[in-house]
Amino acid sequence: MRIPIVLGEQDYTERLLHYVKSAKEGKNIYFPNLEAEMCFVHQKEAGDFLAWVAETDFTGPINVCANGTISMGDLMEVVSEKTNAKINVTTEEQLESPYGIKETWTMSNEKAAKLGYKFTNLEDWLPNLVAYLSK
């Protein structure tokens with residue numbers, strides 16, 4: 001099972017929380033490319049998929065991610081909206097930035113979907129997760 005960055009309420013890496021806290025504290029946030037896109041998977045979906053695929057006869061590599069991608073610029077808009085904070089993005093001051101990618105990082109879940117797995121839509125749960133993290 002190949003997965004992208006896992007997001008969720010119990011994300012011990014706190015990568016998404018880094019952006020939420022930085023926004024709330026008015027800190028600069030570094031991105032080399034706001035147009036770069038990423039895909040993600042929710043922690044529950046990763047676990048649910050693992051249990052589901054174990055009950056099939058599928059063998060081999062398979063990608064697991066929510067449907068949809070988001071640009072880093074759009075992600076920062078969600079963070080701004082849910083934190084009620086202005087995002088101070090810098091492209092020059094190279095600060096810690098867990099999602100500070102130069103090019104798009106995505107994967108396709110098409111093979112798993114063709115096997116019958118119903119993936120969530122990133123846009124359906126990501127804003128709520130950001131709101132939860134901003135509390």
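Screening the stretch 94-134 for residues that are under 17 Å from Lys82 (Cβ atoms) and in a loop (DSSP other than H, G, I, E, B) and picking the one that is least open to solvent (accessible area, probe 1.4 Å) gives Tyr99.
Here are Ala51, Ala66, Ala46, Ala36: which of them is small (Gly, Ala, Ser) and over 17 Å from the mean Cα position of the chain (by Cα)?
The unique qualifying residue is Ala51.
Would you check if His18 is within 30 Å of Gln94 (Cα to Cα), at pLDDT 95 or above and touching a Pro at 6+ places or on another chain (Cβ under 6 Å)? Yes; evaluated as a whole, the condition is true for this residue.
Return yes when Ala51 is of a type in the set (A, V, I, L, M, F, W, C), surrounded by 14 or more Cβ atoms within 10 Å (Cβ to Cβ), at pLDDT 95 or above and in a helix (DSSP H, G or I) and no when it is not. So Ala51 fails the test. Considering only residues in the stretch 54-93 that are farther than 19 Å from Pro4 by Cα, of a type in the set (S, T, N, Q) and assigned to a loop (DSSP other than H, G, I, E, B), the one that is least open to solvent (accessible area, probe 1.4 Å) turns out to be Thr56.
The values are calculated or read from the model by the stated rules, or taken from the named source; none is laboratory data. What you are looking at is a predicted structure, and each value in this text was computed from that prediction instead of being measured. Because the Cβ atoms are built from the backbone with ideal geometry, glycine has one as well, and the counts that use them run over all protein chains shown. Accessible surface areas use protein heavy atoms only, side chains included; no ligands, DNA or RNA. Shrake-Rupley method; radii C 1.70, N 1.55, O 1.52, S 1.80 Å.
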